[in-house]
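To start, the structure itself, in structure tokens.
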Amino acid sequence: MNKKSRLSVALAVSSVLMLSVVSSAFAAAGHNNVAAVGTAASNTKYGTSFQSTYAFGQTHAQIAVLKQNLKDWRAYGSNESYFAGVAHITSTNGYFDQATKDNLKVFQTVKGLTSDGIYGAGSRNALHGAIGSSPVGYVRLKDTSHYINYNDTTAGIAADATYKLDHSWVTSATKTALDQLASSFYSTYSKKLEINDGSLIDGVDTPEHAGHQNGKNLDIRNRFGTTAMTAAQEKKFLEIAIANASVTKIRFSNTYGLTSTKLIQDSTHADHFHLDF
């Protein structure tokens, strides 16, 4: 093999490796075994060609993934009971056919989503919660009796229109600590916490948050809607967080006279608490 041929082979191998790295990084950064959605911004960043939504009559490689996701969810446990009169998905090619639409509408109904048969970020989030898996062991936050996952609300999905990624993943230890914080706050005020961004599915390369990449960081909103806090509630939450052994750092704009090595006063954090675990 001459020098020119060796160079061509080397460049070809390098290109394949680079594509593999980019693709695997993006898979780890938000999708893995669940059908992916994306935007122009995320496609440019990760070298992908995902759509923001998928609908009847379209063809795309991710539709094949979606069809397999829906088949798997339908076959799990007693889920078949939801599908009375709905035809099974019989192929997993990339064409969005009527059976795909009908099966997706059932899934959306069960998960409390708009049952329009169009697959977008909300349905992606719900599939992440239902069948998504993290190869490094992260767990996905879901609504509980004492906190709300803002990332799954209509407003939260709209707020992430630039990239349409899912910042709902944390380590199991972080989730345990969050459950403790939220339970304590709820027992005092009968008020749910509203959790904003954690990490992406494996904590890799989130464009929005340089400090949210290890599954050990969470933002908790304090200024909006039914989860807005009074000054007394903000102070109480700080006290609860300081007392929790798993919390290592708290950034907030007001210390309310509290002193702790965990507490960092930060004027840029007036509309949310940033917690490290």
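The values are calculated or read from the model by the stated rules, or taken from the named source; none is laboratory data. Computed from a prediction, not measured in an experiment: that's the story for all the values here. Because the Cβ atoms are built from the backbone with ideal geometry, glycine has one as well, and the counts that use them run over all protein chains shown. We work out accessible area using only protein heavy atoms, side chains counted, and drop any ligands, DNA or RNA first. Shrake-Rupley method; radii C 1.70, N 1.55, O 1.52, S 1.80 Å.
Residues with beta-carbon under 9 Å from that of I264, excluding I264: net charge, scoring Lys, Arg +1 and Asp, Glu -1? List each step's numbers first, then the result.
On the way: positive: K249, R251, K262; negative: D266.
The answer is +2.
Percent antiparallel among DSSP beta bridges with both residues in the stretch 100-222, to the nearest 5?
60
Given charges of +1 on the Cβ of Lys and Arg and -1 on the Cβ of Asp and Glu, with all other atoms neutral, how large is the dipole of the chain about its Cα centre, in debye to the nearest 20? Write down the numbers at each step before the final one.
On the way: 25 positive and 21 negative charges, 102 e Å.
Dipole about the Cα centre, nearest 20: 480 debye.
Which value in nm describes the separation of the simple spin-label points at T268 and T114, placed 7 Å from the Cα toward the beta carbon?
3.4
Can you tally the net charge around L113? Count Lys and Arg as +1, Asp and Glu as -1, for every other residue whose Cβ sits under 12 Å from the Cβ of L113.
Working: positive: K105, K111, R124; negative: D116, D152.
Its environment carries a net charge of +1.
Could you run the Karplus curve 6.51 cos²θ - 1.76 cosθ + 1.60 with θ = phi - 60° over the stretch 218-223 and give me ³J(HN,Hα) per residue in whole Hz, x for Gly and Pro?
For the stretch 218-223, the Karplus-derived couplings read 9, 9, 10, 6, 9, 10 Hz, x marking Gly and Pro.
I need to check one value: relative contact order of the stretch 197-277, counting alpha carbon pairs closer than 8 Å and at least 6 residues apart, in percent.
So the answer I get is 28 percent.
Read through the labelled values [x] 6, 26, 29, 21, 12, 5, 1, 0; [y] 6, 22, 22, 19, 18, 9, 3, 0; [z] 7, 34, 38, 17, 4, 0 and report the label of the one computed as P(r) over Cα pairs in 10 Å bins from 0, in percent from the structure.
Looking at P(r) over Cα pairs in 10 Å bins from 0, in percent for this model, the match is [x].
On a 0 to 90 degree scale, rounded to 10, what angle separates helix 172-189 from the longest Cα axis of the chain?
Once rounded, one gets 40 degrees.
So for the pair R223, T259, with labels modelled 7 Å out along Cα→Cβ, what separation do we get in nm?
Those two pseudo-labels are separated by 2.9 nm.
Keeping all protein chains in position, work out how much accessible area S115 exposes to a 1.4 Å probe, and write it in Å² to the nearest 10.
Counting only protein heavy atoms, the figure is 50 Å².
Over the heavy atoms of H269, what accessible area does a 1.4 Å probe trace out, to the nearest 10 Å²?
Accessible surface of H269 is approximately 30 Å².
Please list, by residue number, everything in the stretch 212-246 whose backbone N is under 20 Å from a paramagnetic label point 7 Å out along Cα→Cβ of A173.
Residues passing the 20 Å test: 212-219, 241-246.
Taking the full set of protein chains and a 1.4 angstrom probe, give the accessible area of K164 in square angstrom, rounded to the nearest 10.
Near enough 40 Å² of accessible area.
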